[in-house]
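The values are calculated or read from the model by the stated rules, or taken from the named source; none is laboratory data. The shown structure was predicted, so the numbers you read here are calculated from the model rather than taken from an experiment. All Cβ positions, glycine included, derive from the backbone under ideal geometry; neighbour counts span all protein chains shown.
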Amino acid sequence: KADLRSVLAEKIKSEQERLKKFVKEHGNTKLGEVKISQIYGGMRGIPALLCETSLLDPNEGIRFRGFSIPECQKQMPKAECGDEPLPEGIFWLLLTGNIPTAEQTKMVTDEWNAKAALPDYVKKMLDNLPKDLHPMSQFSMAVTSLNKDSKFLKAYHSGVKRAEFWKYSLEDGITLLAKLPNIAARIYRNIYRDGKGCDEIDKKLDWSANYGRMLGFDDPFFFELLRLYLFLHSDHDSGNVSSHTTHLVASALSDPFLAYGAGLSGLAGPLHGLANQEVLDWIGKMQKELGSKNPPEDKVKEYVQKTLKSGHVIPGYGHAVLRKTDPRYMALQAFGERYLPKYETYLLVKTIYKVVPPILKSMQKIKNPWANVDAHSGVLLRYYGLKEMEYYTVLFGISRAIGVLSSITWHRALQIPIERPKSFTSDALMKFVKGK
Ligand code: AMX
């Protein structure tokens, strides 16, 4: 029945010793070389980051502390009457490396429920923002503003030793995770429901179900979808924009609220987290133009080709690291097949999955023609009535916090220094090449 803080403290102690020894013995081992093309190419493939919480394999996809998505679905604690892992348990897994018991998971749920309420100044700020300010801007502002009561910030200024920083960062991470559904649901109600609806936590419910309730839903299948969604997006190694931004900002010893506020701004980009909004927008336009909710394959093919010809990417397809269909896509597809197999837009998503990869494969410049997670998430949310596409990235943002806040704790426990890679001017690179 050991609690999260004591399990983690033990793990950190043994890892600090193990990793110190590892770096001492192998610190000079080379992992690869850096090519000039990589400097101009978004640093693809440069092995430069540490991420203890998850590992992304180009062909196999993500593993959370060594566990694949199907393994998590099988082994992680679930809600009563639910089949999907509880995201609270994923937080435990990412932090400690162990699959928690149902009782341990419940301890996380209880703590998050107890800390969910928002300070009045955050409520007031959100209620006064213009309704046409993008939900992600509102989300990032609210998260940043919570640093007023950061325990890390207070500890830093009161002279706490560096070796203890992780404990205060963990407290901030827990506080932030507890409050994220409340912030996100308030943004939703303010923009789309004239501010009406409940913001009271039901202490008998888990994190995802409470979030669903505060959004104004009561369908247990929608709550189950939220559990799956919030589990799947929780972590994706640390090279992606939201995770890397959070890490970079936190490496300056900015508190976890400031760091994740910055990460959310990165998540809001169309090539990253905003793609889930773009996918459904693109599908909606296709349905309208082709005059059918589930148009035939040849018409879909024409529409895809037209999109590419007009110079646009096919949203939800391709990936900087993955080289096969994203297993997160597969998990969402399995959910769709189980609960909404006849929904027309779901059937269209299936047709798109048949049509797009061969077309992208034929364009040689594209390294990965397969679907990523964003190709499937929106259609499921829409089926249950969460139709406001502009809001979808906020869900991604709630989930990604689980991984990156766990990582901040670990980076502080391992005392990873401020990130400061070397940069060059093009002229300096040319001079270097000439001198060779
Ligand atoms: N449709 C059309 N063209 C695509 C494409 C797609 N789905 N995916 C890649 N390409 C193009 C790129 O734009 C690039 O063209 P350029 O050389 O003319 O600029 C070329 O193919 C090579 O790109 P790449 O090396 O295969 O991919 P990348 O690592 O540069 O980019 C990604 C990865 C995800 C940004 C890109 O595949 C893309 O824009 N996909 C659509 C948007 C999307 O789904 N994003 C979500 C990703 C997952 C996430 O973070 N949520």
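So that you can scan it fast, the table gives a plain yes or no per residue for (1) within 16 Å of the ligand (Cβ to nearest atom); (2) of a type in the set (Asp, Glu):
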site: Lys342; (1), (2): no, no
site: Lys350; (1), (2): no, no
site: Ala371; (1), (2): yes, no
site: Gly385; (1), (2): no, no
site: Val404; (1), (2): yes, no
site: Ser407; (1), (2): no, no
site: Trp410; (1), (2): no, no
site: Glu419; (1), (2): no, yes
site: Lys436; (1), (2): no, no
Discussion item. So in the stretch 288-321, with the set limited to residues that are under 15 Å from Met363 (Cβ atoms) and of a type in the set (Lys, Arg), which one is surrounded by the most Cβ atoms within 10 Å (Cβ to Cβ)?
Written reply: Lys301
Practice prompt. Could you list all residues from the stretch 67-88 that are part of a helix (DSSP H, G or I) and surrounded by 15 or more Cβ atoms within 10 Å (Cβ to Cβ)?
Written response: Ile69, Cys72, Gln73, Pro87, Glu88
Worksheet entry | Lone qualifier among Met136, Met125, Met107 - being under 30 Å from Glu419 (Cα atoms) and either hydroxyl-bearing (Ser, Thr, Tyr) or modelled with pLDDT of 95 or more (or both) | Met136
Discussion item. So for the stretch 232-241 (the condition being within 16 Å of the ligand (Cβ to nearest atom) and among the hydrophobic types (A, V, I, L, M, F, W, C)), does at least one residue qualify?
Written reply: yes
Worksheet item: Using beta carbons and a limit of 6 Å, which pairs, at least six apart or on different chains, have the first residue in the stretch 159-182 and farther than 21 Å from Ser140 by Cα and the second one polar (S, T, N, Q)?
Response: Trp166/Thr409
Worksheet item: Looking at this structure, is Glu25 part of a helix (DSSP H, G or I) and surrounded by 14 or more Cβ atoms within 10 Å (Cβ to Cβ)?
Response: no
Practice prompt. Output the residues belonging to the stretch 276-292 that are hydrophobic (A, V, I, L, M, F, W, C) and under 23 Å from the mean Cα position of the chain (by Cα).
Written response: Val279, Leu280, Trp282, Ile283
Practice prompt. Tell me, please, whether a residue that is charged (D, E, K, R) and either within 17 Å of Leu176 (Cβ to Cβ) or within 16 Å of the ligand (Cβ to nearest atom) (or both) can be found in the stretch 287-295.
Written response: no
Discussion item. Looking for something part of a helix (DSSP H, G or I), under 19 Å from the mean Cα position of the chain (by Cα) and modelled with pLDDT of 95 or more - is there at least one such residue anywhere in the stretch 194-207?
Written reply: yes
Worksheet entry | Of the criteria (1) away from the ligand (no atom under 16 Å from the Cβ); (2) crowded, with 19+ Cβ neighbours inside 10 Å, which one His244 fails | (1)
Practice prompt. Please state which one of Leu322, Leu271 is closer than 24 Å to Gly61 by Cα, within 9 Å of the ligand (Cβ to nearest atom), without any contact (Cβ under 8 Å) to a residue 60 or more places away in the chain and not basic (Lys, Arg).
Written response: Leu271
